[in-house]
Amino acid sequence: MKLSFSAEDEQFRNEVAEWMANNLCGEFEPIRFRGGPGDEHSFVEERKAWEQKLAEGGWTAIGWPKEFGGRGASIEQQVIFNEEYARAGGPGRVGHIGETLTGPTLIAFGSEAQKAKYLPGIRAGKELWCQGYSEPSAGSDLANVKTKAHFDDAQGKWVLNGQKVWTSLAHESEFCFVIARTDPASKGQKGLGFFLVKMDQPGVTIRPIPQLTGTSEFNEVFFDDAVCDADDIVGEPGDGWKVAMGLLGFERGVSTLGQQMLFQSELDEVVRIAKRNGAADDPAIRQRLADAHIGLRIMRYNSMRMMSGGEDGSLQKEAMIYKLYWSSWHRNLGKLAMDVLGPEAELLEGEPYELNRLQSLFLFTRADTIYGGTNQIQRNLIAERALGMPREPRGAN
């Protein structure tokens, strides 16, 4: 596991830092540190423009191979970019789903036609994607999806029917990758397909989900005879689970280092306020701040181990603990932030709520241990898939 960087890599770091300093300013100054988890509804149009600014500078898809429009950056350089991006206050990426999930998945599993059709728009920051995984009855238990897809010979297209939920920024996205059941008689992981679906079409209905904060970055999405082209299934019918798991491997890839720099920025803000308002004088608060720092360093070192994963997104055992670890750490940071703020943490004028950064952090981290696989499910996965322990007894379907 490499914990230091070469002179060439450090030169690359300087290049990234200089570009960020020269470009994340002026019209983009208001979006620094904005648009992260819990704040995704903010400055959407400005962040879309920022995506295209990044593309113009050659800073989108830097880890993609050069033949697909990327820089072919090494793992070390990708780590450096994510670190410097977050350090500079780079806003939450509205192109994240496309660039770090859809793109690598198509490069690993997609056809040449799919790569030519979709990768340029993602690379240019002009076509946004959302994720059609979770359903009302298939959240942590993704293999329980009920959305169906059948091939209509008359149309020569796939036809999808079903519902997805908790779909982040679906209302801003041009496309969605959708897990759907191609074999209606199948159960569990078998008989699934991975589809590339255009959102702006008849048969796709997007309904925002209002939250306690008055915002709605999440949506439920309904497919009622929505269609996609015959060649817009990735792999063959029945390959959906393999492709979906490959995509989740990319989700736990190098972008996690950028996530950690966001966490570092949040922790720095908590420390700053603790020093300002005197909370840091409390020995218990100081100990919790130290524990948060130590936990974040452990998270980084484990992520560096994860970087040795295969190009097909296959998960190393080290990656199996990542979601459980970071979500629990982040939830605890949110609670620490409220304790540092003290009574100020509970003060709001009314809806629409103008949350400060740490209030938003606290409220959103309540969901961290639920979405993307609850902590309970994550522990099952670690036991069964990483440690090889006996499977938990399942009830009859």
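What residue, among those in region 342-375 that are among the aliphatic types (A, V, I, L, M) and over 17 Å from HIS41 (Cα atoms), is modelled with the highest pLDDT?
Ranking the candidates gives ALA345 first.
Quick check on region 129-162: of everything there that is surrounded by fewer than 19 Cβ atoms within 10 Å (Cβ to Cβ) and polar (S, T, N, Q), which residue is modelled with the lowest pLDDT?
Per the criteria, the residue is SER140.
Of the conditions (1) in a loop (DSSP other than H, G, I, E, B); (2) more than 16 Å from ALA138 (Cβ to Cβ), LYS190 clears all except one; give me its number.
Result: LYS190 fails condition (2) only.
Please work out which residue is nearest to ALA138 (Cα to Cα), limiting yourself to region 229-248 and to residues that are of a type outside the set (D, E, K, R), modelled with pLDDT of 95 or more and buried (at least 22 other Cβ atoms within 10 Å of the Cβ).
Of everything passing the filter in region 229-248, GLY240 is nearest to ALA138 (Cα to Cα).
Scan region 131-143 and tell me whether some residue there is within 23 Å of LYS164 (Cα to Cα), out of contact with any Lys or Arg (no Cβ under 8 Å at 6 or more places or on another chain) and of a type in the set (Asp, Glu).
Yes, region 131-143 contains at least one residue that is within 23 Å of LYS164 (Cα to Cα), out of contact with any Lys or Arg (no Cβ under 8 Å at 6 or more places or on another chain) and of a type in the set (Asp, Glu).
Filter region 250-285 for residues that are at pLDDT below 90, assigned to a helix (DSSP H, G or I) and small (Gly, Ala, Ser) and give the result.
SER255, GLY258, SER265
Which of the residues spanning region 183-204 are touching a strand residue (DSSP E or B) at 6+ places or on another chain (Cβ under 7 Å) and either within 16 Å of LYS164 (Cβ to Cβ) or without any contact (Cβ under 8 Å) to a residue 24 or more places away in the chain (or both)?
LEU192, GLY193, PHE194, PHE195, LEU196, VAL197, LYS198, MET199, GLN201, GLY203, VAL204
Pull out all pairs, ordered by first then second residue, where Cβ-Cβ is under 9 Å, the residues are six or more apart or on different chains, the first lies in region 373-387 and is free of Cβ contacts under 8 Å to residues at least 40 places away in the same chain and part of a helix (DSSP H, G or I), and the second is surrounded by fewer than 16 Cβ atoms within 10 Å (Cβ to Cβ) and basic (Lys, Arg).
Matching pairs, first to second residue: ASN380/ARG391; ALA383/ARG391; GLU384/ARG391.
Tell me, which residue of region 291-335 that is of a type in the set (Val, Ile, Thr) and not in a loop (DSSP other than H, G, I, E, B) is modelled with the lowest pLDDT?
My answer is ILE298.
Check whether at least one residue in region 102-116 is without any contact (Cβ under 8 Å) to a residue 60 or more places away in the chain, within 19 Å of the chain's Cα centre (by Cα), surrounded by 17 or more Cβ atoms within 10 Å (Cβ to Cβ) and under 30 Å from ILE370 (Cβ atoms), and report yes or no.
yes
With region 36-125 as the region, which helices (runs of 4 or more DSSP H) entirely inside it contain at least 2 residues that are in the same structural domain as ASN23 (by TED's automatic domain parsing)?
By residue number, 44-56, 75-87.
The values are calculated or read from the model by the stated rules, or taken from the named source; none is laboratory data. In this text, all values refer to a predicted model and were calculated from it rather than measured experimentally. When we count neighbours, we look across all protein chains shown, and the Cβ atoms used for this are built from the backbone with ideal geometry, even at glycine.
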